[in-house]
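Participant: Got a structure for you, written out below as structure tokens; questions coming shortly.
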Amino acid sequence: MANYTAFTAEHAVDYIKKLTESELSSVFTPNAELSAYEFGDGNLNLVFRVTDQHNNSVILKQALPYARCVGESWPLSLDRARIEADVLINHGSLCPEHTVVILHHNAELALTVLEDLGHLQILRGAQINAEQFPKLASHVAQYLSRTGFYNSDFYLSADDKKAKVSQFINPDLCKITEDLFFTDPYIEHERNHFPAELNSSVQHIRNNNALKLAAAKLKARFLSCPQTLLHGDMHSGSIFVDNNTTKMIDPEFGFFGPVGFDIGSFMGNLLLNYCAQNGRIAELAKRRQYQTHLLTCLQDCYSQFEEQWLNLASNETTDVSFANRAFTEDYLKSVLHDAIGYCGAELIRRTIGLAHVADIDGIENEQARLAVQQQTLVLGEQLMLNATSCDNKDEFFTLLISLLN
């Protein structure tokens, strides 16, 4: 990419101006007075909001050739911007209601222009404030079941599936997931980050051979099970919401992997917030009410995901070998095992690994924060250890409630 330049706000304005007569004519007039500012707080990219005098706006996202949170010592391929754009195009065609709209992509500059979702809230911040969204569970279930099914062997021909797997090879960002999820938390590593008071809990994790075996099996599935085109980063910072709308953003970690990874990651973030509220909401009745809401959201999301997959498989499976209910139910049992395991791995890595969550780190009282961190480690461990003991969703929900009580 000989012409690649990392953008400033001025670059962003100049670039968008050139698009006002073409791809962005529906957003800006050719003589629009544009301004821009950089606001991204992510770990990898530059993100600018470009606005005109009438408050019309777009988001310009540009990949950097390294991990921004670490610096140039952690180089990354700029091809991840192309992969993100392709995932958005693919998922947007299958579930436009819940996928951010891509307006323009430039592979040479590793940048993408997106609709501005600033009128919505980022789910993580809203849940930190204990806000409830009644349609969240059904929207996420619809997004994951549609994008999962239509990119799977249930629907794609063998040739199409193999071509798509090749299109979405994403080694750099997959390596980040492989290390941060499944390796770093279980060894001593400079990327890990946790308070000294957790040392005994961390040593317990590192000495738990059964847990490390579970992590290794999850990693092996992640490495070698290309079931569907994943979002790859389904945490609550990648979801915009209001009472009627849910939109997924930032699928730059997208690749073909196990179906259970995305839904497990989403459930893990609900549980991170559930535990965090023990250190945030002082009033017991209010806290229990909100935590019940989170558990209901988790249960509804998984139940609807499973129900919708079964319906899609019954009506739209194209491979005669897979077109029977018994196979689909067996397949979904494996998905459930994966989802529970990845959910647990998310709890552990967000507590002691490199990338924490504001839900927990923002708890002001140090002792309350430490208690929450200890809870997420125990919960994550137990979910990973017991993932394959749950052969249906009811057994999973029973296990989960017993661990939280």
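Participant: So, Lys161, is that one open to solvent by 30 Å² or more (accessible area, probe 1.4 Å), under 20 Å from Ala85 (Cα atoms) and either not in a loop (DSSP other than H, G, I, E, B) or not aromatic (Phe, Trp, Tyr) (or both) or not?
Facilitator: No.
Participant: Related question: Pick from region 34-55 the residues that are open to solvent by less than 30 Å² (accessible area, probe 1.4 Å) and not in a strand (DSSP E or B): which of them is nearest to Glu10 (Cα to Cα)?
Facilitator: Top of the filtered list is Leu34.
Participant: Okay, moving on. Have a look at Ser145, Ser138 and point out the one that is open to solvent by 20 Å² or more (accessible area, probe 1.4 Å), at pLDDT 95 or above and closer than 16 Å to Met267 by Cα. Step through it out loud before you land on a result.
Facilitator: Values: Ser145 fails: open to solvent by 20 Å² or more (accessible area, probe 1.4 Å).
One residue alone meets the criteria, Ser138.
Participant: A further question on this structure: What's the number of the condition Tyr66 fails, among (1) free of Cβ contacts under 8 Å to residues at least 24 places away in the same chain; (2) under 19 Å from Tyr15 (Cα atoms)?
Facilitator: Result: Tyr66 fails condition (2) only.
Participant: Further question on the same structure: Name every residue in region 365-374 that is open to solvent by 50 Å² or more (accessible area, probe 1.4 Å) and either in contact with a Lys or Arg (Cβ under 9 Å, 6 or more places away or on another chain) or in a helix (DSSP H, G or I) (or both), in order of residue number.
Facilitator: Correct list: Glu366, Gln367, Arg369, Ala371, Gln374.
Participant: Let me ask something else about it. Any chance region 17-40 includes a residue that's closer than 29 Å to Cys174 by Cα and in contact (Cβ under 8 Å) with a residue 60 or more places away in the chain?
Facilitator: No.
Participant: Another question, if that's okay. Taking Tyr331, is it open to solvent by less than 10 Å² (accessible area, probe 1.4 Å), assigned to a helix (DSSP H, G or I) and either of a type in the set (A, V, I, L, M) or out of contact with any His (no Cβ under 8 Å at 6 or more places or on another chain) (or both)?
Facilitator: No.
Participant: Same structure, new question: Looking only at region 379-405, how many residues end up being open to solvent by 60 Å² or more (accessible area, probe 1.4 Å) and touching a residue at least 12 places away in the same chain (Cβ under 8 Å)?
Facilitator: Of the residues in region 379-405, 5 are open to solvent by 60 Å² or more (accessible area, probe 1.4 Å) and touching a residue at least 12 places away in the same chain (Cβ under 8 Å).
Participant: Report yes if Thr177 is in contact (Cβ under 8 Å) with a residue 12 or more places away in the chain and in a helix (DSSP H, G or I), otherwise no.
Facilitator: So Thr177 passes the test.
Participant: To continue, here is another question. Which residues, counting only those in region 146-174, are more than 20 Å from Met234 (Cβ to Cβ) and basic (Lys, Arg)?
Facilitator: Lys161, Lys162
Okay, residues lined up against (1) among the hydrophobic types (A, V, I, L, M, F, W, C); (2) touching a Phe, Trp or Tyr at 6+ places or on another chain (Cβ under 6 Å); (3) more than 28 Å from Ile102 (Cα to Cα):
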residue: Pro226; (1), (2), (3): no, yes, no
residue: Pro251; (1), (2), (3): no, no, no
residue: Gly264; (1), (2), (3): no, yes, no
residue: Asn273; (1), (2), (3): no, no, yes
residue: Arg280; (1), (2), (3): no, no, yes
residue: Gln291; (1), (2), (3): no, yes, yes
residue: Cys301; (1), (2), (3): yes, no, no
residue: Leu310; (1), (2), (3): yes, no, yes
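Participant: Just wondering, is there one or more residues in region 219-241 that are assigned to a helix (DSSP H, G or I), surrounded by fewer than 22 Cβ atoms within 10 Å (Cβ to Cβ) and without any contact (Cβ under 8 Å) to a residue 40 or more places away in the chain?
Facilitator: So far as region 219-241 goes, yes, one or more of its residues are assigned to a helix (DSSP H, G or I), surrounded by fewer than 22 Cβ atoms within 10 Å (Cβ to Cβ) and without any contact (Cβ under 8 Å) to a residue 40 or more places away in the chain.
Participant: Moving on. Looking at region 85-118, which of the residues that are among the polar types (S, T, N, Q) and more than 16 Å from the chain's Cα centre (by Cα) is surrounded by the most Cβ atoms within 10 Å (Cβ to Cβ)? Show your work before the answer.
Facilitator: Initial filter on region 85-118 (among the polar types (S, T, N, Q)): 90, 93, 99, 106, 112.
Keeping just the survivors that are more than 16 Å from the chain's Cα centre (by Cα) gives 90, 93, 106, 112.
Numbers: Asn90: 20, Ser93: 11, Asn106: 18, Thr112: 24.
Filtering region 85-118 for residues that are among the polar types (S, T, N, Q) and more than 16 Å from the chain's Cα centre (by Cα), the one surrounded by the most Cβ atoms within 10 Å (Cβ to Cβ) comes out as Thr112.
Participant: From Ala355, Ala345, Ala276, grab the single residue that is open to solvent by less than 30 Å² (accessible area, probe 1.4 Å), in a loop (DSSP other than H, G, I, E, B) and touching a residue at least 60 places away in the same chain (Cβ under 8 Å).
Facilitator: Only one candidate qualifies: Ala355.
The values are calculated or read from the model by the stated rules, or taken from the named source; none is laboratory data. As the structure is a prediction and not an experimental result, all values here were calculated from the model. No Cβ is skipped: glycine too gets one built from the backbone with ideal geometry, and neighbour counts run over all protein chains shown. All accessible areas refer to the heavy atoms of the entire protein, side chains included, with ligands and DNA or RNA removed. Shrake-Rupley method; radii C 1.70, N 1.55, O 1.52, S 1.80 Å.
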